Amino acid sequence: MALLHCDFFAETLGLSTSMTVILPQRTSAQIGLAGTAPAGDPPVLYLLHGLSDDHTIWLRRTSIERYVAPLGLAVVMPRVARSFYTDEAHGNRYWTFLSEELPQLCRSFFRVSDRPADTFVAGLSMGGYGAFKWALRHPDRFAAAASLSGALDVAGRSPARHDGHPVDARLWHTVFGDRQVAGSPDDVLHLLDRAADDGGRLPRLYLACGDDDFLRPDSVRFADAARARGVPLTVRFGPGGHDWAYWDARIQDVLAWLPLPANGPAE
């Protein structure tokens, strides 16, 4: 594998930012690791971080580089601060950066596929929300999307509506301001309803959350809504908390679930 720390200027943000990228490499003489690379442009997984982390965290807390080596899969891990992958009301245009500029930059910087069948997105916590928001707003761009411990009911965690684990009021003001989140393009439950009503093709969806996770109610609500709407969804609940022991195990499940040639025919 090739591991890159990429610093670059983002036009949509008006500043320099960073991403960590893993690119597949075919190897045979490397001790302890055999790498695979496809003949053409490799498929790509956009892997999103949570609220308190950055573009380096998946590499620091899991063995993601080792996990993807036999899959011939590129992984792009962008830095988006505490933005909820949103064009902030009083900040920067992180949604536009993620959904428009980042894929274009990746294809210009690196040799990765631009085919929807080869494009995937996944994330944890805030990143699980970002992954489903991106896949549901642009279902034609992705073959699969996965949420691990996702903050999937952001509207329900408004400081004005939630007294258990609300989003910090100052952060909420920065990201969402006074705008109505429920029923908007920043509400993934609304996006799920809209996608079901449209009747178009959706990417494969995977949801996992630990039984001891404070965000479990969000995942349950999303799973119930998908079931009620007849939207196919792979669901995994079970032991675990909001921690890296859980996410390290589940990202391996996600990689095995992705519709990749190395994984065989999709179920």
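The values are calculated or read from the model by the stated rules, or taken from the named source; none is laboratory data. These figures come from a predicted structure and were not determined experimentally. Neighbour counts run over all protein chains shown; Cβ positions are idealised from the backbone, glycine included.
Observations, loosely collected:
- The condition of being modelled with pLDDT under 95 and out of contact with any Lys or Arg (no Cβ under 6 Å at 6 or more places or on another chain) holds for only one of Pro38, Pro43, that being Pro38.
- Test set (1) crowded, with 19+ Cβ neighbours inside 10 Å; (2) hydrophobic (A, V, I, L, M, F, W, C); (3) more than 24 Å from Tyr246 (Cβ to Cβ) - Ala69 fails condition number: (3)
- Taken as a whole, the range 22-33 holds at least one residue that is at pLDDT 95 or above, touching a helix residue (DSSP H, G or I) at 6+ places or on another chain (Cβ under 6 Å) and either closer than 21 Å to Gly150 by Cβ or surrounded by 13 or more Cβ atoms within 10 Å (Cβ to Cβ) (or both).
- If you go through the range 3-21 and pick out every residue that is surrounded by fewer than 20 Cβ atoms within 10 Å (Cβ to Cβ) and either assigned to a loop (DSSP other than H, G, I, E, B) or in contact with an Asp or Glu (Cβ under 7 Å, 6 or more places away or on another chain) (or both), you end up with 7.
- When the range 161-183 is filtered for residues that are among the small types (Gly, Ala, Ser) and assigned to a loop (DSSP other than H, G, I, E, B), the ones remaining, listed by number, are Gly164, Gly177, Ala182, Gly183.
- Cβ-Cβ contacts under 7 Å between residues 6 or more apart (or on different chains), taken from a first residue in the range 55-70 that is without any contact (Cβ under 8 Å) to a residue 60 or more places away in the chain to a second residue that is polar (S, T, N, Q) and crowded, with 19+ Cβ neighbours inside 10 Å, are listed as His55/Thr20; Thr56/Thr20; Leu59/Thr20.
- Filter result (among the hydrophobic types (A, V, I, L, M, F, W, C) and within 19 Å of the chain's Cα centre (by Cα)) within the range 162-198: Val175, Val188, Leu189, Leu191, Leu192, Ala195
- Residue within the range 149-172 that is closer than 25 Å to Cys6 by Cβ, charged (D, E, K, R) and surrounded by fewer than 17 Cβ atoms within 10 Å (Cβ to Cβ) present: no
- Of all residues in the range 172-213, those satisfying the criterion of being more than 13 Å from Leu152 (Cα to Cα) and among the β-branched types (Val, Ile, Thr) are Thr174, Val175.
- Set side by side, the residues Gly200, Gly230, Gly240, Gly183 differ, and just one is buried (at least 21 other Cβ atoms within 10 Å of the Cβ) and either out of contact with any strand residue (DSSP E or B) (no Cβ under 8 Å at 6 or more places or on another chain) or at positive phi (or both), which is Gly240.
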